[in-house]
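The values are calculated or read from the model by the stated rules, or taken from the named source; none is laboratory data. None of the values given here were measured: they were computed from a predicted structure. Cβ placement follows ideal geometry from the backbone for every residue including glycine, while neighbour counts extend to all protein chains displayed. Please note that ligands, DNA and RNA were not included when accessible areas were found on the heavy atoms of the full protein model with its side chains. Shrake-Rupley method; radii C 1.70, N 1.55, O 1.52, S 1.80 Å.
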Amino acid sequence: MIATLFYNSAQIPWRAAMWFVIPLCLAVTIVYKTVRIDDLRKLPIQSVMLMGYLLICLLALGVVLWLIQAIFL
Amino acid sequence: MNKNKNKDKKQSRPIWLVAGLLAWLIPGAGHFYIGRRVRGIILFIVINTTFWTGVGIGGVMTVDSRYERWWTAAQLLTGADGVYCWYHQDKVYKDLRLDEDVDRAIETRKELFRRSGRASLANQNSISPSPTGRPDELQMIVDQKLQEMGIALVDPAGEIARGFSGVAGMLNLLCIFDALILAMMGKGSEPTLQIISTRRDAETSGEQPGGGIA
């Protein structure tokens, strides 16, 4: 089973696809903060805060783009 | 005694080329080499987890150097992981090349280009995207074969897989630059927190802060 895990592709429904942005944002924020931060003890809190900002901005961007396509297209 | 001191000082300064190469080859190894061990371990875990999550979702065709060149360039930034996955998908295409249907489709494509006067394109003897940009018989047969093998990458799994693995590569690029710059500046060790708090105290009391971060 482990051999097929990285060989065959998974079947992911379209509805579930959007949720994958959360772990991706978490990875980005952790790496960015690990590289930039001075005090590693603050890494968890700062990563989560940055992830929150990132997700809110992505959501806002999605809403704006949806409004644009709804109004003009 | 001074000679030994100078020798130690010289030895403790990380070599920027080694830091950069290690940072590319194994995510986090560059930071580990220059002395930032905890950060190196965190970067190793997070970048590798992200990359292999992508490959776990997409399978062996996640790194596709023939049909997804830009994504492959990003994925190869993860170093050994990316090269390993590239090698396996290349092996799949080389095995497919031995298939009769694929061989026939390649010959058909070559013949079409010869007839249309594009002799240079007729020399391609491997599986590759159609130069016209529109899927031709070869591409459709390859897609069909990959589907029969259960390794064809279909959206949204394809988008997610390449997104994860490509982003992991780009994150590693950030880490490579950071390790390189830190090594060039000779700043290997973790920043000293005492100096940071001294600087804060000085700023609140209105005095000039002394020194910088080590």
> If you scan the stretch B:58-82, which residues turn out to be in a helix (DSSP H, G or I), closer than 16 Å to B:TYR93 by Cβ and open to solvent by 50 Å² or more (accessible area, probe 1.4 Å)?
Replying inline: B:ARG69, B:TRP71
> How many residues does the stretch B:122-173 hold that are open to solvent by less than 10 Å² (accessible area, probe 1.4 Å) and modelled with pLDDT under 85?
Replying inline: 2
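Of everything in the stretch B:64-99, what is β-branched (Val, Ile, Thr), under 21 Å from B:PRO135 (Cβ atoms) and more than 11 Å from chain A (Cβ to nearest Cβ)? Give them in sequence order.
Selection gives B:THR72 alone.
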> If you go through the stretch A:30-37 one residue at a time, do you hit one that is in a helix (DSSP H, G or I), at the interface with chain B (Cβ under 10 Å from one of its Cβ atoms), at pLDDT below 95 and over 21 Å from B:PRO27 (Cβ atoms)?
Replying inline: no
>> If I filter the stretch A:11-29 down to residues being within 7 Å of chain B (Cβ to nearest Cβ) and surrounded by 14 or more Cβ atoms within 10 Å (Cβ to Cβ), which single residue comes out as farthest from B:PHE32 (Cα to Cα)?
In response: A:ILE12
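Take B:PHE177 and decide whether it is under 25 Å from A:ARG41 (Cβ atoms), within 11 Å of chain A (Cβ to nearest Cβ) and among the aromatic types (Phe, Trp, Tyr). Spell out how you get there, then give the answer.
On the way: under 25 Å from A:ARG41 (Cβ atoms): yes; within 11 Å of chain A (Cβ to nearest Cβ): yes; among the aromatic types (Phe, Trp, Tyr): yes.
So B:PHE177 fits the description; yes.
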> In the stretch A:17-40, what count of residues is obtained for those that are over 20 Å from A:CYS57 (Cα atoms) and of a type in the set (Gly, Ala, Ser)?
Replying inline: 0
> Restricted to the stretch B:151-170, and to residues that are free of Cβ contacts under 8 Å to residues at least 60 places away in the same chain and part of a loop (DSSP other than H, G, I, E, B), which residue is nearest to B:ILE106 (Cα to Cα)?
Replying inline: B:VAL154
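Any residue that is more than 25 Å from A:THR4 (Cα to Cα) and either of a type in the set (Val, Ile, Thr) or touching a residue at least 60 places away in the same chain (Cβ under 8 Å) (or both) - is there at least one of those in the stretch B:82-89? Reasoning before the result, please.
So the first thing to find is which residues in the stretch B:82-89 are more than 25 Å from A:THR4 (Cα to Cα), and the list is none.
The answer is no, given that none of the residues of the stretch B:82-89 is more than 25 Å from A:THR4 (Cα to Cα) and either of a type in the set (Val, Ile, Thr) or touching a residue at least 60 places away in the same chain (Cβ under 8 Å) (or both).
With the condition kept exactly as written, say whether any residue in the stretch A:55-68 is closer than 30 Å to B:PHE32 by Cα and surrounded by 13 or more Cβ atoms within 10 Å (Cβ to Cβ).
Keep residues of the stretch A:55-68 that are closer than 30 Å to B:PHE32 by Cα, which gives none.
No, every residue in the stretch A:55-68 fails to be closer than 30 Å to B:PHE32 by Cα and surrounded by 13 or more Cβ atoms within 10 Å (Cβ to Cβ).
Can B:GLY117 be described as of a type outside the set (Val, Ile, Thr) and within 14 Å of chain A (Cβ to nearest Cβ)? Steps first, please.
Details: of a type outside the set (Val, Ile, Thr): yes; within 14 Å of chain A (Cβ to nearest Cβ): no.
No; evaluated as a whole, the condition is false for this residue.
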> Does the stretch A:38-45 include one or more residues that are open to solvent by less than 60 Å² (accessible area, probe 1.4 Å), more than 9 Å from every other protein chain (Cβ to nearest Cβ) and either of a type outside the set (Asp, Glu) or part of a helix (DSSP H, G or I) (or both)?
Replying inline: no
